[in-house]
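Down below is the structure, laid out as C-alpha cells.
The values are calculated or read from the model by the stated rules, or taken from the named source; none is laboratory data. Computed from a predicted model, the values in this text were never measured in an experiment. In this analysis, Cβ positions are derived from the backbone assuming ideal geometry, glycine residues included, and neighbour counts consider all displayed protein chains. What goes into the accessible areas is simple: the full protein's heavy atoms, side chains included, and nothing from ligands, DNA or RNA. Shrake-Rupley method; radii C 1.70, N 1.55, O 1.52, S 1.80 Å.
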Amino acid sequence: MKIGEFLAMNFERIPEWPIKNSLRYFLAFNRFVPSFISDLSPVKGYEKYYQLKRGDVVVDAGAYPGDYAIFAGKRVGDNGKVICFEPDPKNRKVLEKNILAEKLKNIIVIPKGLWNENAVLKFSKEDFKSSLEKEGEIEIEVVRLDDELKKLNIGRVNVLKMDIEGAEIQAMEGCEKILKENKVNVAIASYHVVNGKKTSYFLENFLSKLGYTVKTNFPKHLTTYAWKNIRGEND
C-alpha cells in the first residue's frame, strides 16, 4: 500500500467532527502539502476544471459529511446557494451538524436521493436498490432533480456534483432539463462499477449527447467532468 493511500485510510477513521473538514481543505489546497496526499482529496478533484465563483448555484448530491457542501457554501457567498441531497439519516445528521458549526445560511439540505423518477426505494450503504422487494436497510424518498428544483423555484444551476454510489446513471436521467437549459459544470464521481463497468462510460456517452464536452480524470478519485462553455467561464 502506498503511503498516501495508507494515510487516507487512517484519516477516514477519524470521527466526523466539524474540524475534520477544515483539515481536509488544508490537505487539499495548501501548497506545502505534497501532491501524493492532496491528490487523494475529492474536493480538490471537483475543482479541477471549474473553480466555484461568488453567486453560483450548486447541487451537491451525496453530500455527507459536508466537505464539498461547506467548501462550496463559503465560495459562493450570500448571493449563492448550495442544494444538498443526502438520503441517509445518519449521514444527514453529521452533515447538518457540520453546516450548523460553520454558521452557513446558504445551504439547503434535502432528505432525498436522486433518481429517474419520484418514488420510495430501498436504500443500503452500498447502493440504491431497484425495487421495494429487494433487501435494503432503510426506505428513502427519491426524486428527479428537475422536479425538485422546480418545487424550489430554482431554474439556474452552475455546478452539479455527485457522489452517489452508482445511482448517477439513473440520477442523470432525472436532470436532463436542467442540463439542457443551463451551461452546467458537471463533476461526478464515476469510479463506481455497475454491470461490470465504471459509470464513467455511461456518463461520457450521456453528457456528450446533450452537447457537453466531457473528460474523465483525477484517477485517485475518478471523476467525470463536463461543460458546455469555455473552461472556467460561466453565465
- Query: Is it the case that Phe32 is farther than 18 Å from Thr223 by Cβ, at pLDDT 90 or above, open to solvent by 20 Å² or more (accessible area, probe 1.4 Å) and in a helix (DSSP H, G or I)?
  - Reply: no
- Ser190 fails exactly one of the following numbered conditions: (1) of a type outside the set (Val, Ile, Thr); (2) touching a residue at least 40 places away in the same chain (Cβ under 8 Å); (3) open to solvent by less than 60 Å² (accessible area, probe 1.4 Å); (4) more than 25 Å from Gly55 (Cβ to Cβ). What is the number of that condition? (2)
- Query: All but one of (1) in contact with a Gly (Cβ under 6 Å, 6 or more places away or on another chain); (2) open to solvent by 40 Å² or more (accessible area, probe 1.4 Å); (3) among the β-branched types (Val, Ile, Thr); (4) under 22 Å from Lys97 (Cα atoms) hold for Ile37; which doesn't?
  - Reply: (4)
- Message: When you scan the range 46-69, do you find a residue that is basic (Lys, Arg), crowded, with 18+ Cβ neighbours inside 10 Å and within 20 Å of the chain's Cα centre (by Cα), even just one?
- Response: no
- Looking at the range 74-89, which of its residues are surrounded by fewer than 24 Cβ atoms within 10 Å (Cβ to Cβ) and outside any strand (DSSP E or B)? Lys74, Arg75, Val76, Gly77, Asp78, Asn79, Gly80, Asp88, Pro89
- Go through Ile140, Ile70, Ile99, Ile108 for me and flag whichever is modelled with pLDDT of 95 or more and in a strand (DSSP E or B). Ile108
